[in-house]
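Chemist: Below: one structure in structure tokens.
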């Protein structure tokens with residue numbers, strides 16, 4: 001007779017993970033960071049191409065340039081909605097996501113994460129050989145690979161007692177992020193912060209299994 005298995009350590013780890021936006025000023029040990037990155041690189045990828053790249057942004061100059069561009073991007077978006085009737089709603093949304101973005105510059109660790117343009121997955125090979133004319137699956141494959149790499153990174157951090165937060169919103173304000181960071185042959189997909197948590201957020205509402213699964 002089947003019995004429900006006991007709750008595992010991994011389930012607890014996944015359940016207690018939160019997106020952390022406030023950190024203590026202490027920097028995590030370098031050994032911990034390397035272990036988290038080691039877990040990230042174990043993620044599966046198209047044809048084992050391993051296209052994910054992490055860029056640790058330690059340069060004060062690059063952080064400042066990103067911050068200034070973030071602020072300018074916000075002002076540009078606010079100016080662009082001035083003629084619109086619903087500008088108050090849009091203004092509130094822009095300002096909210098700006099606040100959700102600027103905290104990353106106070107985090108002990110800040111990474112930009114992306115994928116190399118020269119990866120060799122199945123769908124890309126077909127495109128290069130002219131077998132298909134439009135490779136609509138390419139970005140999907142890369143996005144999935146980034147997500148899996150980040151999952152390993154943040155769960156190992158959670159196990160070590162560190163918090164993290166994945167951010168894509170800043171890329172709306174900073175469209176030229178690769179240029180600012182001096183990065184070639186990599187398309188940045190997101191930022192991720194990490195450090196010792198300075199807050200304990202409640203669990204946000206989650207859907208039930210019945211709401212996300214359909215049998216067809």
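Chemist: So if each residue of separation counts as 0.36 nm, and I subtract the Cα-Cα distance between residue 27 and residue 102, what length gain in nm does that give?
Modeler: Gain in length upon complete extension: 25.1 nm.
Chemist: Follow-up. In percent, what relative contact order does the range 18-195 have, based on Cα pairs under 8 Å that are 6 or more apart in sequence?
Modeler: Taking the mean separation of contacting Cα pairs over the length of the range 18-195, I get 40 percent.
Chemist: Starting from a Cα-only point model with no solvent, please compute log10 I(q)/I(0) by Debye for the chain at q = 0.10, 0.12, 0.15 1/Å.
Modeler: Values returned for q = 0.10, 0.12, 0.15 Å⁻¹ are -0.56, -0.80, -1.14.
Chemist: Same structure again: Using r as the Cβ-Cβ distance of residue 42 and residue 187, and R0 as 25 Å, what FRET efficiency do you calculate, to the nearest 0.05?
Modeler: That pair, residue 42 with residue 187, gives E of 0.70.
Chemist: Still on this structure, please answer the following. Among 185, 6, rank each residue by its count of other Cβ atoms within 10 Å, from fewest to most, as a rough exposure measure.
Modeler: Fewest-to-most ranking of 185, 6: 6, 185.
Chemist: Going by how many other Cβ atoms sit within 10 Å of their own, how do 82, 215 line up, fewest first?
Modeler: 215, 82
Chemist: Relative contact order for the range 1-116: what is it in percent, counting Cα pairs under 8 Å that are at least 6 residues apart?
Modeler: Dividing the mean separation by the residue count of the range 1-116 yields 44 percent.
Chemist: If you don't mind, another one. Neighbour counts of other C-beta atoms within 10 Å: give me 94, 57 arranged from fewest to most.
Modeler: 57, 94
Chemist: Rank-order 162-170, 68-76 by packing density, defined as the average count of other C-beta atoms within 10 Å over each peptide's residues, highest first.
Modeler: So the order, starting with the most tightly packed, is 162-170, 68-76.
Chemist: Per DSSP H run of at least 4 residues, take -39500 (n - 2.57); add these up for the chain, divide by its residues and hand me the 222 nm value, nearest 500 deg cm²/dmol.
Modeler: -14000 deg cm²/dmol
Taken together, the values in this text are just the output of simple stated rules run on the coordinates, not laboratory data. Every value quoted in this text rests on a predicted model; they were computed, and no experiment measured them. Every residue, glycine among them, receives a Cβ derived from its backbone with ideal geometry; neighbour counts consider all protein chains shown.
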